[in-house]
Amino acid sequence: MGRAMGWSIRTVDPGSYTVADVFEGLERSHTLATVYPDEGERLAVIRGTKLVVSTEDMYGFVDDKEGSIYIGHNHLANGDRNTVYLDILHELVHIKQLKEGRNLYDTRYPYVDRPTEIEAYALVVEEARRLGMTEDKIAEYLFVEWASPEDHLRLCRRLGVNPEGRRRPAPPR
């Protein structure tokens, strides 16, 4: 999956790369075109952002001190392709937020209420729908182990995602 959508994920060993070294075709993503409307800036971010493929068991995160993205090797190599694709887009939204001086890890908010997370997830939910993912698959994507079931449901509702599989109307902005 992915190549038919115009993107692919290369097989790599743990180590340091740029996003472009591992993910091909991201510049055509709706999410990145929304976040980085200027194609030159979009390409510069994809080609210039350091991606650390870690042996640690993890999904992905942005190191807000160095501006690098970390992703788990097992997740990258064995995870669902759409999920990994959405994860890298999510983290690239955070890179933009970080460059704007925003606090990615603002502890005044629970994870699912953090403005930077809401923004990143909202854009990625649009991308997931473009990929043809069902509402229940999108809700599954939004589930993280560190959030309670109630928090997960609140995040889904905020993003207009119905965990039961029927599309909800988009929330007012």
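The values are calculated or read from the model by the stated rules, or taken from the named source; none is laboratory data. From a predicted model like this one, the values you see are computed outputs, not experimental measurements. Every residue, glycine among them, receives a Cβ derived from its backbone with ideal geometry; neighbour counts consider all protein chains shown.
Quick notes on this one:
- Inclusion of Val124 among residues that are in contact (Cβ under 8 Å) with a residue 60 or more places away in the chain and buried (at least 18 other Cβ atoms within 10 Å of the Cβ) is warranted.
- Any hit, the range 142-155, residues being closer than 26 Å to Val19 by Cβ and among the acidic types (Asp, Glu): yes
- Of all residues making up the range 25-42, the number that are under 17 Å from the mean Cα position of the chain (by Cα), surrounded by fewer than 16 Cβ atoms within 10 Å (Cβ to Cβ) and in contact (Cβ under 8 Å) with a residue 12 or more places away in the chain: 3
- The residues of the range 59-73 that are out of contact with any Phe, Trp or Tyr (no Cβ under 7 Å at 6 or more places or on another chain) and either exposed (fewer than 15 other Cβ atoms within 10 Å of the Cβ) or at positive phi (or both), listed by number, are Lys65, Glu66, Gly67.
- Members of the range 58-74 found to be acidic (Asp, Glu) and assigned to a loop (DSSP other than H, G, I, E, B), listed by number: Asp64, Glu66
- Here Asp87 clears all of (1) over 21 Å from Leu32 (Cα atoms); (2) acidic (Asp, Glu); (3) at pLDDT 95 or above except the condition numbered (1).
- Verdict on Thr18 being farther than 25 Å from Thr116 by Cα and at pLDDT 95 or above: no
- Flag for Asp136 being over 30 Å from Ser16 (Cα atoms), charged (D, E, K, R) and at pLDDT below 95: yes
- Residues located in the range 1-57, provided they are among the polar types (S, T, N, Q) and part of a helix (DSSP H, G or I): Thr31, Thr34
- Residue check for Val45: over 25 Å from Ile118 (Cα atoms) and either of a type in the set (Lys, Arg) or in contact (Cβ under 8 Å) with a residue 40 or more places away in the chain (or both): no
- Those residues of the range 68-91 which are under 8 Å from the mean Cα position of the chain (by Cα) and not β-branched (Val, Ile, Thr), in sequence order: Tyr85, Leu86, Asp87, Leu89, His90, Glu91
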